[in-house]
Amino acid sequence: MDVKITKEMTMGELLSIDRGVAIVLMEAGMHCIGCPSAQAETLEEAALVHGLDPDVLVARLNNFLGAE
């Protein structure tokens, strides 16, 4: 896949790229991905709300997608 995840992407964008990213996000403790208000948050905003390092999460997601 040619898509590279960035922390500026919204949660809605992430889920539209590959629904499998939901598993990665949930494993990181982000169980709010189905919440309508979370769809407009950036990955960075959502990560910080959950006390996660956005850069680590971006790396995990890109690894999952094979982008790195």
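Couplings 3J(HN,Hα) for the stretch 47-58, derived from phi with the Karplus relation 6.51 cos²θ - 1.76 cosθ + 1.60 (θ = phi - 60°), are 4, 5, 4, 9, x, 9, 7, x, 5, 5, 5, 4 Hz, where x marks Gly and Pro.
Highest mean packing first, where packing is the average number of other Cβ atoms within 10 Å per residue, the peptides 46-57, 5-16 line up as 5-16, 46-57. At an R0 of 30 angstrom, the distance between the Cβ atoms of residue 50 and residue 3 translates into a FRET efficiency of 0.85. Adding -39500 (n - 2.57) for every DSSP H run of four residues or longer, then dividing by how many residues the chain holds, sets the calculated 222 nm ellipticity at -13000 deg cm²/dmol. Please grab the % of Cα pairs in the chain that end up more than 16 Å from each other. The proportion of pairs with Cα distances above 16 Å equals 34 percent.
Read the figures in this text as sums done on the coordinates, not as results from a lab. For clarity, every value in this text was computed on a predicted model and none was experimentally measured. So basically every Cβ, Gly included, is an ideal-geometry build from the backbone, and we count neighbours across all protein chains shown.
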